[in-house]
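Participant: Below: one structure in structure tokens.
The values are calculated or read from the model by the stated rules, or taken from the named source; none is laboratory data. For clarity, every value in this text was computed on a predicted model and none was experimentally measured. Here the Cβ is made from the backbone with ideal geometry for all residues, glycine too, and neighbour counts use every protein chain on show.
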Amino acid sequence: MQKLIANLETMGITFPLGIQQTFLSIEKEQIVNAFEVGYKSCDIDEALEINRKLASGEQHYNKTYNQNK
């Protein structure tokens with residue numbers, strides 16, 4: 001979503017900051033939910049291995065998408 005917003009801005013298309021934040025918030029929620037649904041659907045051995053690395057969808061999101069912050 002961040003890349004899309006940046007690309008649109010280079011073409012002169014801008015969105016108010018509140019709308020950008022809403023888009024990014026929805027995207028984050030979808031990523032966190034997808035991780036957690038996937039985590040719950042795997043077998044116990046896979047779940048334990050994943051749990052050692054990432055305890056939640058929120059941590060997965062922050063590790064993956066907040067690297068430059």
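Participant: List the pairs whose first member sits in region 27-41 and is within 21 Å of residue 5 (Cβ to Cβ), whose second member is of a type in the set (Phe, Trp, Tyr) and at pLDDT 80 or above, and whose Cβ atoms are under 7 Å apart, counting only residues at least 6 apart or on separate chains?
Facilitator: Close Cβ pairs satisfying both conditions: 28/61; 31/61; 32/61.
Participant: Within the set of pairs 6 or more residues apart or between chains, which connect a residue that is among the basic types (Lys, Arg) and at pLDDT 95 or above inside region 1-16 to a residue that is surrounded by 12 or more Cβ atoms within 10 Å (Cβ to Cβ) and not in a loop (DSSP other than H, G, I, E, B) with Cβ atoms less than 7 Å apart?
Facilitator: none
Residues checked against (1) among the polar types (S, T, N, Q); (2) at pLDDT 90 or above; (3) in a helix (DSSP H, G or I):
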{"site": "30", "(1), (2), (3)": "yes, yes, yes"}
{"site": "38", "(1), (2), (3)": "no, no, yes"}
{"site": "48", "(1), (2), (3)": "no, no, yes"}
{"site": "59", "(1), (2), (3)": "yes, no, yes"}
